[in-house]
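The values are calculated or read from the model by the stated rules, or taken from the named source; none is laboratory data. In this text, all values refer to a predicted model and were calculated from it rather than measured experimentally. Here Cβ is always computed from backbone atoms with ideal geometry, including for glycine, and neighbour counts include all displayed protein chains.
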Ligand code: SF4
Ligand code: SF4
């Protein structure tokens with residue numbers, strides 16, 4: 001049976017541009033720009049200096065903070081600059097610039113060979129931390145932190161989030177077809193580290209070939225099952241996914257671990273397998289480069305620190321004047337003001353949209369049509385959240401309208417006939433509440 005949830009929207013998925021395109025490896029650029037902050041949590045500090053020679057996989061920035069992930073060189077070469085550079089999430093961030101030596105030589109001891117079945121939970125989590133893993137669906141929360149719940153939280157279920165519900169994006173789809181066994185290994189390693197015996201792989205039913213491939217792969221693994229999901233946005237939002245697959249509701253303001261669940265992304269599962277079995281750090285990822293302006297949309301394996309511009313040129317550049325550049329998908333992705341930003345660990349897509357694909361129109365007052373309420377998968381009243389945000393009533397939005405339960409999926413914006421920028425007001429209200437809490 002195909003599973004679903006209340007609310008949500010049905011945008012044209014536009015995956016046809018790249019769904020059938022095998023992953024292509026882009027050559028290492030002459031220069032990579034590697035930001036020292038690529039995760040949620042404390043930023044890293046550089047531990048190399050200008051003039052140093054580095055090898056691929058060498059740690060180049062780190063911090064002792066627990067909620068953080070180290071940063072590694074994505075190729076071998078010379079550190080030629082450490083300076084502020086445009087950043088796709090933070091606007092601007094210190095970055096380590098490495099000029100490639102063309103050798104692409106691994107740091108000493110890499111890759112190594114390890115049998116994860118003989119490793120205990122602590123050793124697996126340590127390998128994951130050392131490899132700098134973060135959630136690769138875009139959230140970039142450090143993976144070792146997500147896998148280290150406090151002792152009072154008892155986990156029983158692992159979910160692989162393979163919904164890939166954002167329009168245009170097909171990176172996870174291709175990874176499921178091309179690296180099926182690595183995903184399964186990553187899931188089994190994560191389940192061992194977490195001590196859970198039940199695992200689910202949730203895939204939207206617009207990817208029947210991926211459902212079939214994953215089903216074949218889990219055929220003899222009793223702990224794992226594939227769950228086909230209805231194609232509906234935001235099927236891949238963690239809380240909706242957990243509800244649809246297990247029937248458990250994450251409490252308001254709570255985390256998946258509150259209901260005994262850990263969710264990981266497809267790319268992260270592969271990265272777990274590579275980190276634990278081979279000691280390989282997260283220095284590359286699969287990214288979909290697509291949108292109406294891209295001459296030849298592709299799924300690319302890219303080194304961290306490649307710029308958006310270089311990736312777009314590898315897709316034969318632009319065929320028409322771009323109206324919008326986005327990192328990620330069109331619903332939850334982040335608009336960019338320049339192509340000179342680097343690919344980071346959370347870059348699932350580079351989307352270049354033409355004017356006809358961009359939702360134009362002036363924002364108007366709410367007409368109380370209720371469409372946003374019907375579309376909200378979290379059962380919120382988005383119209384009120386937008387009005388309160390607009391009027392500066394941030395605390396009221398939090399106390400009376402469950403502001404913090406909003407997953408910022410953008411379904412409300414998608415259906416709003418008044419073109420209200422609801423998510424903008426919600427983000428503003430969240431930021432103001434956080435600032436007030438910090439002040440206290
Ligand atoms: S209010 Fe938040 S969770 Fe609800 S539809 Fe809008 S963005 Fe999504
Ligand atoms: S969809 Fe837009 S116009 Fe309709 S109630 Fe929601 S915010 Fe108001």
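Here are a few things to note about the model shown:
- Note on segment 347-363: residues that are within 30 Å of residue 317 (Cβ to Cβ) and in a loop (DSSP other than H, G, I, E, B) total 7.
- Condition met for residue 99 (in a loop (DSSP other than H, G, I, E, B) and either in the same structural domain as residue 251 (by TED's automatic domain parsing) or touching a residue at least 60 places away in the same chain (Cβ under 8 Å) (or both)): no
- If the condition is being assigned to a loop (DSSP other than H, G, I, E, B) and in contact (Cβ under 8 Å) with a residue 60 or more places away in the chain, then segment 364-393 contributes 376, 377, 378, 379.
- Sole exception among (1) in contact (Cβ under 8 Å) with a residue 24 or more places away in the chain; (2) surrounded by 18 or more Cβ atoms within 10 Å (Cβ to Cβ); (3) in a helix (DSSP H, G or I); (4) more than 8 Å from ligand 2 (Cβ to nearest atom) for residue 428, by number: (2)
- One residue stands out in segment 11-26 among those that are under 16 Å from residue 230 (Cα atoms) and away from ligand 2 (no atom under 16 Å from the Cβ): the one that is surrounded by the fewest Cβ atoms within 10 Å (Cβ to Cβ), namely 12.
- For segment 327-346, residues that are farther than 25 Å from residue 129 by Cα and out of contact with any helix residue (DSSP H, G or I) (no Cβ under 9 Å at 6 or more places or on another chain) total 5.
- Some residue of segment 356-368 being more than 15 Å from ligand 2 (Cβ to nearest atom), under 30 Å from residue 291 (Cα atoms) and more than 24 Å from the chain's Cα centre (by Cα): yes
- Inspection of segment 318-325 finds no residue satisfying the criterion of being within 16 Å of ligand 1 (Cβ to nearest atom), at pLDDT 95 or above and buried (at least 21 other Cβ atoms within 10 Å of the Cβ).
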